[in-house]
Amino acid sequence: MHHRIPTATLGPHGAGMVRAIETCIHCGLCLPACPTYQLLGEEMDSPRGRIFLMKDVLEGRLPPDEATLQYVDRCLGCLACQAVCPSGVHYEALVVPFRAHAERRRRRPLLARAVRGLALRTLPYPGRFRLAARAGRLARPLRGLLPSPLAAMLELLPDHLPPPAPLPAVVPAEGRRRARVALLVGCVQRVLAPEITAAAVRVLARNGVEVVVPPGQGCCGALPMHAGADRQARTLARGILAAFPRDVDAVVTTAAGCGSAMKAYPLLFAGDGEGAGAEAFARRVRDVSEVLDGLGLVPGARFAAPVRVAYHDACHLAQAQGIRAAPRRLLAAVENAAVVEVTGGEACCGSAGIYNLEEPAIARALGDRKAAAIRETGAAVVASGNIGCLVQLRAALARTGPPLPVRHTVELLDLAYRGAPPG
């Protein structure tokens with residue numbers, strides 16, 4: 001396909017963007033997999049339509065204005081299209097750099113700029129986020145008077161913030177050491193759900209894994225990277241590259257979005273002098289479910305009574321990283337746990353980084369769909385592998401009926417090892 005995209009002006013990402021565009025044969029097989037197309041029914045809200053649109057913007061046929069970019073903004077970045085594409089279109093290599101390219105050339109409306117600025121200036125920084133979350137909880141009675149993006153922020157906040165839960169620098173393996181890993185603590189999860197990281201440390205240690213918790217680590221850059229704020233993302237990623245040791249078997253994350261971003265550091269640093277270090281780092285990144293499944297769980301995980309667990313695939317675990325079987329095998333290995341599938345489980349729940357703050361109506365509709373599908377399973381507890389999904393699912397389930405416990409996969413393993421109920 002002839003193109004007139006000025007790749008020289010796109011830097012090191014230009015060739016990958018053009019390759020993704022040229023690989024697309026416009027067959028439309030991605031459309032049924034795309035949550036926004038299924039919800040909105042518009043061609044421009046499909047992967048195929050967005051590829052045409054991004055091509056026209058890069059060629060200069062369309063301006064990078066709000067009327068054009070609203071369709072790219074509505075893309076969840078869930079990569080369901082990439083997972084089903086028969087031609088192997090690397091959609092991530094197009095949409096991630098395109099968003100960064102477009103952000104430098106557009107001027108968002110005032111409210112959109114305010115919401116985006118608030119999210120990207122607070123969420124990746126635990127200290128700021130904790131203060132903002134406390135203030136937000138005080139403002140919750142006023143959310144009916146606020147614009148929908150700000151009201152969505154307040155709705156997603158928990159009723160109570162857990163206290164900080166610092167971890168030791170090294171947690172030794174129990175019994176024979178089978179592996180040594182460095183653990184990402186994260187940013188949003190550190191504030192909203194530090195018990196996930198604590199559970200991961202206990203389960204890893206129980207399974208013979210020595211856990212190193214590098215001091216001084218911050219956000220991995222996933223939130224700004226997926227939102228097109230590539231400069232902020234690179235700054236945060238450099239902090240991670242500097243903080244984490246090289247003498248470990250793996251760099252472990254408990255958040256699918258973080259793992260996906262860290263595995264994509266070569267894309268983030270393409271053409272930079274740091275590219276080789278980013279490549280080496282990315283090769284060592286593993287989701288906690290990958291590590292535990294690879295080692296094989298030691299015996300002893302058991303619930304006192306039978307429980308049905310609905311497993312929700314986080315998009316950045318299943319679609320971006322291709323990790324679907326490992327979490328299910330881990331949960332199925334727990335005595336008295338029955339893993340049940342969610343109808344349409346491959347569809348995004350609407351969390352998608354800061355998407356549920358920038359596009360609250362679509363996110364809410366997707367969350368409500370997911371909540372209804374989960375209830376149909378008759379499960380007593382929901383499991384997933386990403387903090388954004390956990391927050392989104394809890395809010396959707398509470399909004400649409402009696403709430404259900406929503407747990408990280410590793411939390412359920414930890415509870416089973418300790419003989420505690422899964423709820």
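The values are calculated or read from the model by the stated rules, or taken from the named source; none is laboratory data. Just so we're clear, the structure is a prediction, and the values are computed from it rather than from any experiment. Note that each Cβ is placed from the backbone with ideal geometry, even for glycine, and that neighbours are counted across all protein chains shown. Heavy atoms of the whole protein, side chains included, go into the accessibility calculation; ligands, DNA and RNA do not. Shrake-Rupley method; radii C 1.70, N 1.55, O 1.52, S 1.80 Å.
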Of the convex hull drawn through the C-alpha atoms of the range 122-168, the volume per residue in Å³ is 78
Largest fluctuation, PRO405, PRO360, PRO141 only, Gaussian network model of the chain with Cα springs under 10 angstrom, belongs to PRO141
If one builds a Gaussian network model of the chain from Cα atoms under 10 Å apart, the most fluctuating residue listed among VAL96, VAL18, VAL298 is VAL298
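How big is the shadow of the Cα convex hull of the range 330-399, averaged over all directions, in nm²?
On the way: hull surface 19.1 nm².
For the Cα atoms of the range 330-399, the hull's average projected area reads 4.8 nm².
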Computed from every Cα-Cα pair in the range 140-195, P(r) in 10 Å bins starting at 0 and rounded to whole percents is 18, 31, 25, 14, 10, 3
Ignoring ligands and nucleic acids, MET44 exposes an accessible area, probe 1.4 Å, in Å² to the nearest 10, of 60
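How much net charge surrounds GLN38 when only the other residues with a Cβ under 12 Å from the Cβ of GLN38 are counted, with Lys and Arg +1 and Asp and Glu -1?
Numbers: positive: ARG369; negative: GLU42, ASP45, GLU346.
Result for the local shell: -2.
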Heavy-atom accessible area of GLU279, protein chains in place, probe 1.4 angstrom, given in Å² to nearest 10, is 90
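With the convex hull built on the Cα atoms of the range 290-423, state its orientation-averaged projected area in nm². The partial results should precede the final answer.
Details: hull surface 30.1 nm².
The Cα convex hull of the range 290-423, projected and averaged over all directions, gives 7.5 nm².
About its Cα centre, what dipole magnitude does the chain give when the only charges are +1 on Lys and Arg Cβ and -1 on Asp and Glu Cβ, stated in debye to the nearest 20? Write out the running numbers ahead of the final one.
Details: 50 positive and 35 negative charges, 174 e Å.
Once rounded to the nearest 20, the dipole reads 840 debye.
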Largest first and rounded to whole Å, the semi-axes √(5λ) derived from the alpha carbon gyration tensor of the chain read 33, 25, 22
Largest fluctuation, LEU393, LEU154, LEU111 only, Gaussian network model of the chain with Cα springs under 10 angstrom, belongs to LEU111
Given 10 °C, 1.306 mPa s and a Kirkwood radius over Cα pairs, the Stokes-Einstein diffusion coefficient of the range 1-145 in µm²/s is 93
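Could you look at the chain and say what percent of its accessible area is carbon and sulfur, using a 1.4 Å probe and all protein chains? Display every interim value, and only then the final one.
Values: 9780 of 17270 Å².
Looking at the chain in its full context, I get 57 percent from C and S.
Given a 1.4 angstrom probe, what's the average accessible area per residue across the range 365-423, in square angstrom?
33
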The value for the range 212-280 (convex hull of the alpha-carbon atoms, volume per residue, Å³) is 85
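State the dimensionless ratio Rg/Rh of the range 87-208 (Rg: radius of gyration of Cα atoms; Rh: Kirkwood radius).
Working: Rg = 19.6 Å, Rh = 17.9 Å.
Rounded to two decimals, Rg over Rh is 1.10.
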With the label point 7 Å along the Cα-to-beta-carbon line of ARG399 and a cut-off under 19 Å to each amide N, the hits in the range 29-57 are 35-41
Rh_Kirkwood(the range 197-313) over Cα pairs, Å, one decimal, evaluates to 15.7
Cα-based Rg and Dmax for the range 244-335, in Å, come out at 15.8, 55
